[in-house]
Each structure stands twice: as C-alpha cells, then as structure tokens.
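Below is one structure; the comments refer to it alone.
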Amino acid sequence: ELLAAVVDEAHKAGLEVVGHAEDAREATLAGFRFAEHQYSITHTTVRGQVQPNAPEADMDPALFDPLVSLMVEKGVYYNPTLSRSAINYLPKKREWEQLALTYLENRAWRFIPEERRELWIREAKALERAVSPALAGRRNEARRKVEDFVRRYARAGGKFVAGPDTGPSSGPSNIPGLSLHLEMETLVDAGLTPMQAILASTKWTAEMLRKEKDLGTVEPGKLADLIVIDGDPLADIRATR
C-alpha cells in the first residue's frame, strides 16, 4: 500500500519510481516500470524460505511465465545485472577478472583512486576459494534458472536494460566502462540475441529514461553519440569492446 501511494504521487508529478523492490510482482502492480537486479525476481519465484547461499537455485520455474506475462504487459524494463548479482555463478568470472587486471596494471589507468585500484588488483590476483560440491551444484542450478527466466522474458518480447552495478562493493570485473561490455556478454550468454543486447544498451535504455526523442538511435535531429568498432557485434558481441 505504501509503495502504491509513492508511485501514484510520483506519477502525478511526472516522475518515475525505481528501486530495489523485494517483490517484482508487487512492484509491477504498484507501477514500477523498472525491475532492478535479479533479487526481486528471486523473491517472487521462490516457494518457501529463501536460502542465503545461491537462493536462485530455489526458484520455481512454474512461477516464471505468469510473472513474465505481467511484467511484459505492464511494460517493465528488466535490468538483471548478471555480471554483478550472478557473478559467482558465471563460468567466465575468472576470465573477466584477468581481463580487468590487464587494465588495472596499466599506467594509463592510474586515474582510479589508488586504494580502489589496489583492492581490485588484490581481488583479481587472489586464489579462488574452494567451495563444497553441494554449493557448486547450487550455483550451477542458480545460473541455469536465472538464465531460463532471462530467456523467457526475451522470448515474450520483454525489454532489457544492460546496466552493470559499479557500487562500492563491486569486484574487479565491475570496472565502470568495461563492466557494460561484460554485462552485454552475459545477456547474450543467457539467451538474448546480440541485437537485443545492443538495444538494451541504447534504444531501450533511452525509452526507460523517457529520453528516446534525443538518444538511443541514430536518427535526424537526435544527439550524435557514436562509436566505430572493428568486427561485427552481431556475430560476436565482444566486438563492442
């Protein structure tokens, strides 16, 4: 009830409400147009108690389609932040940390505050902690279910936002700039087409921010914001790097 009232007042003022909702269904019904992170999806699709370790493993796929249908019907933009919220489940985690290390050890990146840069370097060089077979199994199951939900949302016509999370507790693969390209890669790995990942970084993001008249696509009258790259990102999304 409180959330619905907040959204109602915001809409009267011409504003949108975004946030870390605990329940994606309740937030959508209250008027949220933006599902931030995987967590709200997890809470909505877990039957019973949410477990602290890899809780996505306990999501019930039988609950996916009704939630997908509701969110697509209400025009919700979904930002799963897979390269952050699911990073410990992804097989490329170590590869991405080593990629980040090549930047962090380059003198050109000394503009990063020294304390933060040193923290990221230590994390990238740290030995991976051994996990029990049981936890490894839960992480694999968590990844499969998260990617299943993402694929279903894409197939249903849902729109995504390729937003990484570069907050203060972020790891080395969440370096601002690099992290966006890695997030696009995780979306493709999860089942989006490369074009959908590009739309999630351009057109759909502009729509979500109600800036589509100025940004998001290359059209006469819009602000020019272009990059020229080598390779074909529709064949390999990593070409955007």
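The values are calculated or read from the model by the stated rules, or taken from the named source; none is laboratory data. If you're wondering where the values come from, they're calculated on a predicted model, not measured in any experiment. So basically every Cβ, Gly included, is an ideal-geometry build from the backbone, and we count neighbours across all protein chains shown. The area values use the complete protein model at the heavy-atom level, side chains included, leaving out ligands, DNA and RNA. Shrake-Rupley method; radii C 1.70, N 1.55, O 1.52, S 1.80 Å.
For Glu9, the conditions (1) without any contact (Cβ under 8 Å) to a residue 12 or more places away in the chain; (2) open to solvent by less than 70 Å² (accessible area, probe 1.4 Å); (3) part of a helix (DSSP H, G or I) are fulfilled apart from (2). Out of all the residues in segment 142-157, is one or more in a loop (DSSP other than H, G, I, E, B) and open to solvent by less than 80 Å² (accessible area, probe 1.4 Å)? The answer is yes, given that some residue of segment 142-157 is in a loop (DSSP other than H, G, I, E, B) and open to solvent by less than 80 Å² (accessible area, probe 1.4 Å). Looking at this structure, is Gly221 out of contact with any Asp or Glu (no Cβ under 6 Å at 6 or more places or on another chain), in a loop (DSSP other than H, G, I, E, B) and open to solvent by less than 50 Å² (accessible area, probe 1.4 Å)? It is false that Gly221 is out of contact with any Asp or Glu (no Cβ under 6 Å at 6 or more places or on another chain), in a loop (DSSP other than H, G, I, E, B) and open to solvent by less than 50 Å² (accessible area, probe 1.4 Å).
So how many residues does segment 152-184 have that are among the basic types (Lys, Arg) and in contact (Cβ under 8 Å) with a residue 40 or more places away in the chain?
Here is the first cut: in segment 152-184, the residues among the basic types (Lys, Arg) are 152, 155, 159.
Adding the requirement that they be in contact (Cβ under 8 Å) with a residue 40 or more places away in the chain leaves 152, 159.
Going through segment 152-184 one residue at a time, the tally reaches 2.
Looking at segment 100-120, which of its residues are touching a Lys or Arg at 6+ places or on another chain (Cβ under 9 Å) and in a helix (DSSP H, G or I)? Residues satisfying the conditions are Leu101, Leu104, Trp109, Arg117.
A single member of Ala100, Ala62, Ala27 is within 21 Å of Gly167 (Cα to Cα) and among the aliphatic types (A, V, I, L, M), and it is Ala100. Look through segment 168-177, keep the residues that are polar (S, T, N, Q) and part of a helix (DSSP H, G or I), and return whichever of them is surrounded by the fewest Cβ atoms within 10 Å (Cβ to Cβ). Out of the qualifying residues, it is Asn174.
Here segment 52-85 is the region considered, the condition is being without any contact (Cβ under 8 Å) to a residue 24 or more places away in the chain and not aliphatic (A, V, I, L, M), and the residue that is farthest from Ala200 (Cα to Cα) is Pro52.
Only one entry in Ala86, Ala54, Ala27, Ala35 is touching a Phe, Trp or Tyr at 6+ places or on another chain (Cβ under 6 Å), open to solvent by less than 20 Å² (accessible area, probe 1.4 Å) and of a type in the set (Gly, Ala, Ser), namely Ala35.
Entry remark, segment 59-83: residues being in a helix (DSSP H, G or I), open to solvent by 50 Å² or more (accessible area, probe 1.4 Å) and not hydrophobic (A, V, I, L, M, F, W, C) number 4 in total.
How about segment 33-58: which of its residues are of a type in the set (Gly, Ala, Ser) and part of a loop (DSSP other than H, G, I, E, B)? Lay out the reasoning, then the answer.
So in segment 33-58, the residues of a type in the set (Gly, Ala, Ser) come out as 35, 40, 48, 54, 57.
If the condition is that a residue be of a type in the set (Gly, Ala, Ser) and part of a loop (DSSP other than H, G, I, E, B), then Gly48, Ala54 are the ones that fit.
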